[in-house]
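We did not get these values from a lab; they are worked out from the coordinates using the rules stated. If you're wondering where the values come from, they're calculated on a predicted model, not measured in any experiment. Glycine also receives a Cβ, built like all others from the backbone with ideal geometry; neighbour counts cover every protein chain displayed.
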């Protein structure tokens, strides 16, 4: 009996050790879900997430990063479905850029209930059921845009704000910051339109830009657009109308290659630039640290800078404007 008990104990210990070794060898499965997959901004987020994966692998930490999101940034139902599918698949964690601050509350809460931690990136969520929020200070970015436009116009003139989309927390904060500076610092700047929305694509943004310029093209002195597609579309519409090259001061957000080219050509006078590679990178790194039982900050600011024709050649700025995406998106 004693030898049988000893044998059973040895088998149990061996089985436990085998399971622990198997668990140690098993990679962490992390889903990264962007708002959309079309625009360059999201490709930079993707590159940052893969950069984190590669660095962790070099340290012996195995992580499988799955990148999946809706094609367009207005497809709430599809993004909700993606979150729900990854929750059902029992991923180890989710990194999410919610395209709607309210619509994604329930899916994130359900993931948390299933003990799948979620790190929010880029755009806020009206919930506290997440591990950390890794993003730009978007209100500050909007303030920087308002300050730069106010200085370019000498504090006087007619201004258009082309908004992005209802429910997008990041762009709503940029718009609010912009309007706050106009109200408090530049009261002689007249806001002639602030209730129009660009929508999720360059095509819808271009149509909205044309409509605005058909109405206000002869009056407007400055424009602010709060994201990549709206910036590119409005710049094209100004060019088509003969109002580019600084005739109308154009301030945009994000560093898409077309916007950078438009700044080089003199059609854009300022870009408020985030660090999406850093955002994707820290999103994954923060989630892995949490999964390892390490404490993480609830709010991580990834920074924002004003880029102009005067400083765009500086090394630190060039790194933001021309991120080496191909290095990570192999």
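Working from the alpha-carbon coordinates of region 124-168, get Rg over Rh, Rh being the Kirkwood radius. Computed over Cα atoms, the ratio is 1.13.
Eigenvalues of the alpha-carbon gyration tensor of region 197-330, scaled by 5 and square-rooted, set the equivalent ellipsoid semi-axes at 33, 17, 13 angstrom, largest first. Computed over Cα pairs, the Kirkwood radius of region 51-196 leads via Stokes-Einstein (0.692 mPa s, 37 °C) to a diffusion coefficient of 189 µm² per second.
Based on the inverse mean of 1/r over its pairs of different Cα atoms, what is the Kirkwood hydrodynamic radius of region 17-119, in Å? Could the numbers behind the result be given before it?
Numbers: mean 1/r = 0.0695 Å⁻¹.
It is 14.4 Å.
Run lengths n ≥ 4 of DSSP H only: what is the helix-derived mean residue ellipticity at 222 nm for the chain, with -39500 (n - 2.57) per run over all residues, to the nearest 500? Numbers along the way, then the final one.
Working: 12 runs with 160 residues, N = 330.
Using -39500 (n - 2.57) per qualifying helix, the result is -15500 deg cm²/dmol.
Comparing Cα centroids, region 176-219 and region 40-78 end up 32 angstrom apart.
Considering only DSSP beta bridges whose two residues both sit in the chain, what percent are antiparallel, to the nearest 5? Could the numbers behind the result be given before it?
Numbers: 3 of 36 bridges.
Around 10 percent antiparallel, to the nearest 5.
When you have a sec, figure out the Kirkwood radius of region 75-144 from all distinct Cα pair distances and drop it here in Å to one decimal? Write out the running numbers ahead of the final one.
Numbers: mean 1/r = 0.0810 Å⁻¹.
When all Cα pairs of region 75-144 are included, the Kirkwood radius is 12.3 Å.
The calculated pair-distance distribution of region 138-273 uses every alpha carbon pair, bins of 5 angstrom beginning at 0, and gives 2, 12, 25, 27, 23, 10, 2 percent.
Would you mind estimating how fast region 144-184 diffuses translationally, via Stokes-Einstein at 37 °C and 0.692 mPa s with the Kirkwood radius over Cα pairs, in µm²/s?
Details: Rh = 10.8 Å.
Result for D is 303 µm²/s.
Cβ crowding within 10 Å ranks 299, 106, 163 as 299, 106, 163, fewest other Cβ atoms first. The angle between the Cα long axis of helix 76-88 and the longest principal axis of the Cα atoms of the chain comes to about 10 degrees, rounded to the nearest 10. Computed over region 236-293, the percent of Cα pairs more than 15 Å apart is 58. Taking the three principal axes of the alpha carbon atoms in the chain, the coordinate ranges are 98, 39, 33 Å, sorted in descending order. Principal-axis analysis of the Cα atoms of the chain puts helix 202-216 at an angle of about 20° to the longest axis.
Helix 276-291 sits at what angle to the longest principal axis of the chain, using alpha carbons and giving 0 to 90 degrees rounded to 10? Taking the Cα atoms of the chain, the angle to 276-291 is about 30 degrees. A Förster radius of 30 Å, combined with the Cβ-Cβ distance separating residue 313 from residue 203, puts the computed FRET efficiency at roughly 0.40.
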